[in-house]
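Colleague: Here it is: the structure, laid out below.
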Amino acid sequence: MFKVSGATGGYGKTTIIRDVSLEVQPAEIVALLGRNGVGKSTLMRFATGLVKAQAGTVEIAGVAAPPAPSKRAKMGLGYVPQGRFVFPRMTVIENISVAAASNGFDAKQVVAELFEDFPLLVPKAHDLAGGLSGGQQQVLALARALAIRPKILLLDEPTEGVQPSIIDEMAGVLKRVNQEREIAILVAEQNLDFCLSIAERAYVMEKGAIRMETDRDSLLADKVLQQELLGV
Amino acid sequence: MEPDFLATVLLSSLSSASILLIATLGLAVVYGLMGVINLAHGEFLMVGAYSALTATQIGLPFLLAIPFAVFMTMLIGAVVELLIIRRLYGRIFDTMLATWGLGMVFNQTAVLLFGTVSPGIGMPQWNFRIGDFSLAVYPLTMIVVAALLLAFVYVLMTKTVYGMKARASIQEPQMAQAIGIDSARVNTLTFAIGCGLAGFAGAILLPIIPATPSMGLFFAVKGFLTVVVAGPVALTGTALTALGLGGGASVTASFMTSVIGDVFFFFVTALLLWLYPLGISSKWRRKL
């Protein structure tokens, strides 16, 4: 369904990830674990096309993805970046509408649907996104990614700087869209609890490469690995 | 001081400010939505003026000559974006150099095609009187034109899908691409619209400012400063700055001399840039 093969890339002449391969099955939630600076975000950006490939390919729904990020979005690749990057001088509605309209969907209908999923955005509908709190911006970034009706959703550190009540709400919505709309999810996280609450399977990254692949039960049993992932 | 004189000064200053705004809006759109400073903006205005002039000379009525000028400048603008601007994104000084050079090319081409002096267009000169003072009607209608143009651009950029895409692309370029916006195409259209606005200005101002190859220079300097003082909230900022600087300079000029009016313009510009290095609108919470 979603497949990254032999991903090698970085910034300028610096290579950050080397020969990384991973796969997400349809309607599966997979976690990407690892400490700060191991290349999780770079891998995410490689998958979107925002980091140029030195080598390697990306496959979305069985089709080889073209290099342009906008074309990958149209193929069904949704992306929530670390740090949210909502459009600050646009309203909440506009942030969602522009994503929907750019992919040929009816903006009004998509906004109405997403406001049902994320009721906390409703009172802020006409506020500029730049004025929202961190948690609200995170929810908006997630809504914007869902507005393109993705087949695969990439989430980069969605819980960073977000209050616990909103984290629970996000976990609930992610599980629901995963089951109801069969959206596959790849989530990069430091927050182990959040990952274990939604993901079935996980990849652990180290020094720009995949160190191991594991599932929820083995991870829950492996206290040493947990310590290592949480350790600072 | 007599009220008649005050009313006259007020109206003619408002009209000067409106003319500055009309001439600057295209620059503001391109800077505000692409981050590109188009130093050939004045020359696009000149191209618009000559297009309208040529159209009237072959017999088109003035009202149809204006859309013709807009069409021509948009077309040339789109080609310039595809051939030059596109290759220089994110390199603001290189873009300035390239567009400056482009302006020179346009300027010299106009000299070759039309010569350095050109006829004005024959428009009926209506005047009306306030007490002892007589005012020309056409420059005053520019107040209405400026207001309509501002409203048009505002609606285009805030109420249409294209406008949302353009704003998203300048605010977070990478995320705009990641949600499926083809920024390259949006930028071509934005640049063409900016050039079209310059062409509109050149055409509609033709009865006031006759077409000459070097007419762009005057607008380039003041327009550029207006846009830089305005800052990131391009439209509202530019409207206010044009009103304040252009109107202020014109009022000053009415009471003293036009040289002192220009001194006012540049002095206040320097003061504002010293106080707000990122433009007066850098901290505003507004869409555009």
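Colleague: Could you tell me which residue of the range B:142-160 is farthest from the chain's Cα centre (by Cα), considering only residues that are within 20 Å of B:Glu81 (Cβ to Cβ) and within 14 Å of chain A (Cβ to nearest Cβ)?
Modeller: B:Thr160
Colleague: Scan the range B:211-232 and give yes if some residue there is outside any helix (DSSP H, G or I), within 14 Å of chain A (Cβ to nearest Cβ), surrounded by 15 or more Cβ atoms within 10 Å (Cβ to Cβ) and at pLDDT below 85, otherwise no.
Modeller: yes
Colleague: Can I ask one more? Name the residues in the range B:165-179 that are assigned to a helix (DSSP H, G or I) and under 13 Å from A:Asn103 (Cα atoms), would you?
Modeller: Across the range B:165-179, the qualifying residues are B:Lys165, B:Ala176, B:Gln177, B:Ala178.
Matching residues to (1) touching a residue at least 60 places away in the same chain (Cβ under 8 Å); (2) touching a Lys or Arg at 6+ places or on another chain (Cβ under 6 Å):
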| residue | (1), (2) |
| --- | --- |
| A:Val51 | no, yes |
| A:Ala61 | yes, yes |
| A:Pro69 | no, no |
| A:Leu77 | yes, no |
| A:Pro81 | yes, no |
| A:Phe85 | no, no |
| A:Glu94 | no, no |
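Colleague: Counting only residues that are at positive phi and within 14 Å of another protein chain (Cβ to nearest Cβ), how many does the range A:6-63 have?
Modeller: Looking only at that region, the number is 1.
Colleague: Against the conditions (1) surrounded by fewer than 24 Cβ atoms within 10 Å (Cβ to Cβ); (2) within 10 Å of chain B (Cβ to nearest Cβ); (3) touching a helix residue (DSSP H, G or I) at 6+ places or on another chain (Cβ under 9 Å), where does A:Lys71 fall short? Just the number, please.
Modeller: (3)
Colleague: So is B:Ala166 closer than 18 Å to B:Gly90 by Cα, within 9 Å of chain A (Cβ to nearest Cβ) and among the small types (Gly, Ala, Ser) or not?
Modeller: no
Colleague: Oh, and also: Filter the range A:79-92 down to the residues that are more than 8 Å from every other protein chain (Cβ to nearest Cβ) and buried (at least 20 other Cβ atoms within 10 Å of the Cβ), then identify the one that is farthest from A:Ser21 (Cα to Cα).
Modeller: A:Val92
Colleague: Considering B:Leu140, B:Leu206, which residue is in contact (Cβ under 8 Å) with a residue 40 or more places away in the chain, surrounded by fewer than 24 Cβ atoms within 10 Å (Cβ to Cβ) and over 27 Å from A:Val86 (Cα atoms)?
Modeller: None of the other options fit; the residue is B:Leu140.
Colleague: Also, I was wondering about something else. Taking B:Ala192 and the conditions (1) among the hydrophobic types (A, V, I, L, M, F, W, C); (2) in a helix (DSSP H, G or I); (3) within 14 Å of another protein chain (Cβ to nearest Cβ), which numbered condition does it fall short on, given that it satisfies the others?
Modeller: Here B:Ala192 meets the rest and fails (3).
Colleague: Where in the range A:1-89 are there strands (runs of 3 or more DSSP E), lying fully within it, with 1 or more residues that are of a type in the set (Asp, Glu) and under 30 Å from A:Gly104 (Cα atoms)?
Modeller: Answer list for the range A:1-89: A:14-24, A:53-60.
Colleague: Which condition number in (1) aliphatic (A, V, I, L, M); (2) under 21 Å from B:Phe200 (Cβ atoms); (3) surrounded by 13 or more Cβ atoms within 10 Å (Cβ to Cβ) is the one that B:Leu82 fails?
Modeller: B:Leu82 satisfies every listed condition except (2).
Colleague: State the number of residues belonging to the range A:129-158 that are under 28 Å from A:Lys74 (Cβ atoms), away from chain B (no Cβ under 13 Å) and polar (S, T, N, Q).
Modeller: The qualifying residues number 2.
The values are calculated or read from the model by the stated rules, or taken from the named source; none is laboratory data. Nothing here was measured: the structure is a model prediction, and the numbers come from that model. For neighbour counting, all protein chains shown are included, and Cβ atoms are generated from backbone atoms with ideal geometry for every residue, glycine included.
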